[in-house]
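Student: Please find one structure pasted underneath; my questions will follow.
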Amino acid sequence: MREGYKTNYNDNTVYFISYARLPENIPAALFNGYVGLGLVINYETGIIEDNSCTLVTKEAKKFLNDLIIGYNIYENDGVEPLINEIKSRFHGASQKSLCAILRDGYKKFCKWKIENHIK
């Protein structure tokens, strides 16, 4: 951490972002054509501490925050249980894109752990 700079995240956190195309019939597709989902993961605990999402509506972002933040990828053996919860509870047109992005972000995290010799 830089001297005198306060951060919300400790040194054990990493950030991964992935993108997917959106169905053309939803408002967010008119702006970007894609959705992005970033994950702040504590690699020691496996807890997703924060996320960012390019969805347009505030409520969709807030709802996803409630599902994602605090989820532990180690205790739950990956992201499939979280994906199942999103499929069960988030019924927006971007659901499939979000699930694909979540899988991709998790794959990036796993690859990073191997490359950096993190257990």
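The values are calculated or read from the model by the stated rules, or taken from the named source; none is laboratory data. What you see is a predicted model, and the numbers here were worked out from it, not measured in a lab. Every residue, glycine among them, receives a Cβ derived from its backbone with ideal geometry; neighbour counts consider all protein chains shown.
Student: Please tell me if residue 37 is in contact with a Gly (Cβ under 8 Å, 6 or more places away or on another chain), among the aliphatic types (A, V, I, L, M), surrounded by 14 or more Cβ atoms within 10 Å (Cβ to Cβ) and at negative phi.
Tutor: Numbers: in contact with a Gly (Cβ under 8 Å, 6 or more places away or on another chain): yes; among the aliphatic types (A, V, I, L, M): yes; surrounded by 14 or more Cβ atoms within 10 Å (Cβ to Cβ): yes; at negative phi: yes.
So residue 37 fits the description; yes.
Student: Sticking with this one: Any chance you could count how many residues in region 97-119 are basic (Lys, Arg) and touching a Lys or Arg at 6+ places or on another chain (Cβ under 9 Å)?
Tutor: Within region 97-119, the subset basic (Lys, Arg) is 103, 107-108, 111, 113, 119.
Narrowing the set further to residues that are touching a Lys or Arg at 6+ places or on another chain (Cβ under 9 Å) leaves 113, 119.
Counting residues in region 97-119 that are basic (Lys, Arg) and touching a Lys or Arg at 6+ places or on another chain (Cβ under 9 Å) gives 2.
Student: Just one of 116, 42, 72, 51 is in contact with a helix residue (DSSP H, G or I) (Cβ under 9 Å, 6 or more places away or on another chain) and of a type in the set (S, T, N, Q); which is it? Break it down into steps so the answer makes sense when it comes.
Tutor: Numbers: 116 fails: in contact with a helix residue (DSSP H, G or I) (Cβ under 9 Å, 6 or more places away or on another chain); 42 fails: in contact with a helix residue (DSSP H, G or I) (Cβ under 9 Å, 6 or more places away or on another chain); 72 fails: in contact with a helix residue (DSSP H, G or I) (Cβ under 9 Å, 6 or more places away or on another chain).
Criteria check complete, one pass: 51.
Matching residues to (1) aliphatic (A, V, I, L, M); (2) part of a loop (DSSP other than H, G, I, E, B); (3) surrounded by 13 or more Cβ atoms within 10 Å (Cβ to Cβ); (4) at pLDDT 95 or above:
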site	(1), (2), (3), (4)
30	yes, no, no, no
85	no, no, yes, yes
92	no, yes, yes, no
109	no, no, yes, yes
119	no, yes, no, no
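Student: If we keep just the residues of region 94-107 that are of a type in the set (Ser, Thr, Tyr) and part of a helix (DSSP H, G or I), which is farthest from residue 40 (Cα to Cα)?
Tutor: At the first step, the residues of region 94-107 found to be of a type in the set (Ser, Thr, Tyr) are 94, 97, 106.
Add one more test, that the residue is part of a helix (DSSP H, G or I), and what stays is 97, 106.
Values: 97: 19, 106: 11 Å.
It comes out as 97.
Student: Right, next: Among the candidates 45, 13, single out the residue that is buried (at least 18 other Cβ atoms within 10 Å of the Cβ) and modelled with pLDDT of 80 or more. Give the derivation first.
Tutor: Values: 45 fails: buried (at least 18 other Cβ atoms within 10 Å of the Cβ).
The conditions single out 13.
Student: Please specify each residue of region 69-95 satisfying the condition of being touching a residue at least 40 places away in the same chain (Cβ under 8 Å) and either touching a Leu at 6+ places or on another chain (Cβ under 7 Å) or among the charged types (D, E, K, R) (or both). Quick ask: steps written out before the conclusion?
Tutor: Taking region 69-95 first, the residues touching a residue at least 40 places away in the same chain (Cβ under 8 Å) are 92-94.
94, the sole residue that qualifies.
Student: Under 7 Å by Cβ, and 6 or more places apart or on different chains, what pairs join a residue from region 38-66 that is free of Cβ contacts under 8 Å to residues at least 12 places away in the same chain with one that is part of a loop (DSSP other than H, G, I, E, B) and not hydroxyl-bearing (Ser, Thr, Tyr)?
Tutor: 61/55
Student: Here's something else I'd like to know. Of all residues in region 51-66, which are surrounded by 16 or more Cβ atoms within 10 Å (Cβ to Cβ) and not in a loop (DSSP other than H, G, I, E, B)? Before the answer, list the steps.
Tutor: Step one: filter region 51-66 for residues surrounded by 16 or more Cβ atoms within 10 Å (Cβ to Cβ), giving 51, 53-56, 60, 63-64.
Answer for region 51-66, where residues must be surrounded by 16 or more Cβ atoms within 10 Å (Cβ to Cβ) and not in a loop (DSSP other than H, G, I, E, B): 51, 53, 60, 63, 64.
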